[in-house]
Amino acid sequence: MALPVDAGAGMVLPPPDPITPRQAVDDVLLILMQIRHKLKTMIDWYIYPEIIPNEIQAYDPRLVILQQRLRSMATLSYPQLPYLIDNSDVIAAQYLTVIVSQLLNSVHGIQKIFMNHYDRDLEDSRPFATIWETLNYRIEQLNQIPNLNPNNPRRLRPEDLRANELGNFCRGALQISNNRDKGRLSFVDKKDLLDEERRKLKAFGGAFLNWECPECAYKVRYHVASSVTSNIHSTDEIREHDGVAVQYRSSFAAKCHLYLPLSEKAKASMSTSSTNTRRDSNILGAVVKYGCVFCFARGRQLERGDSAFTTARDLVEHIDHEHRNPLPPSMMLHRFLVAVEGKTHDEWKRWDLNFV
């Protein structure tokens, strides 16, 4: 890869120093605070106590929104994200590059307004020069992250980073989260249906299917009524629970399931005497089946009753209480197809989880 050349000096510049997503988030937050401070200083110097024009007044709210996005990204554990999301460093860098580009646009717009209307000499003094150059350098650093993958330099897939074991997200869950669904489908025998499910079949027809994890004993059933909704990713079925203001689909439950060994494997694991075996025994006894992907992304371990749960209802109750305000960062909302009042960032995509 050719190194950039300084056209003015005719010399080859070194590549930008490496940076991690977390370092970039923290650094851009500091730069954003400098921009807001400089904007206030220029308003006080050139305008106050006169009325601030709307075109200038509009900049700070935009900066506040970007600041909120950065603070949200700062809650993520970037060393832990590769265990959940493919190319997590690359995705984070993409989101950060958009924010930095918007900051560059703001800096350019602010300086242009003040230069055109208040002080022509600003074109020469360039009050935002250092900030402008720093932001451009950060973009160069962010562009290097796909080559470095600092938190996953071996570029392993999430399901290959650790062995399937009790208390962790199952390889099958990670596969379906990262668009590598290898689940098996099977019909649910009518004799195994609940009364509510029988009534649903009578009213709407169709059938109940099981999505069965290819890596463990987990399975989840869902209703289909037509050929176009015949898999877990396209079914129209929505799950709800009384008193919980969150809707979800079976596909979201599958993405959150923990490794559940087959009975033979469970017996084998219980035959050894160790601390891990006692821990596994507790998990099996409580039938912990689901982990909170949003807690895990923030660096929290999967602990029973805190971030790991025995039922899907327990999971979405937790999400309703813990992750509604504030919402998880955008890259998590987009990855796990989360909507707010039925609206997602891409109107053409179906949601898997909906805050109502």
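Assorted remarks:
- PRO150 falls short on exactly one of the conditions (1) in a helix (DSSP H, G or I); (2) under 18 Å from GLN23 (Cβ atoms), and that condition is (1).
- Neighbours by Cβ (under 7 Å, 6+ apart or cross-chain): first from segment 35-60, closer than 19 Å to LEU104 by Cβ; second of a type in the set (Phe, Trp, Tyr) and part of a helix (DSSP H, G or I): LEU39/TYR59; MET42/PHE114
- Yes/no for LEU66 being assigned to a loop (DSSP other than H, G, I, E, B), out of contact with any Cys (no Cβ under 9 Å at 6 or more places or on another chain), at pLDDT 95 or above and under 30 Å from GLU322 (Cβ atoms): no
- In segment 311-333, the residues that are over 16 Å from TYR248 (Cβ atoms) and surrounded by 15 or more Cβ atoms within 10 Å (Cβ to Cβ): PRO329, SER330, MET331
- Residue match in segment 78-93 (condition: β-branched (Val, Ile, Thr) and in a helix (DSSP H, G or I)): yes
- Test for ASN147: is it closer than 30 Å to ILE99 by Cβ, exposed (fewer than 15 other Cβ atoms within 10 Å of the Cβ) and either in contact with a Cys (Cβ under 6 Å, 6 or more places away or on another chain) or without any contact (Cβ under 8 Å) to a residue 24 or more places away in the chain (or both): yes
- Condition met for ILE43 (farther than 27 Å from THR97 by Cβ, at pLDDT below 95 and either in the same structural domain as SER88 (by TED's automatic domain parsing) or of a type outside the set (Gly, Ala, Ser) (or both)): no
The values are calculated or read from the model by the stated rules, or taken from the named source; none is laboratory data. Keep in mind it's a predicted model, so treat the numbers as computed, not measured. Glycine gets a Cβ as well: all are built from the backbone with ideal geometry, and neighbour counts include every protein chain shown.
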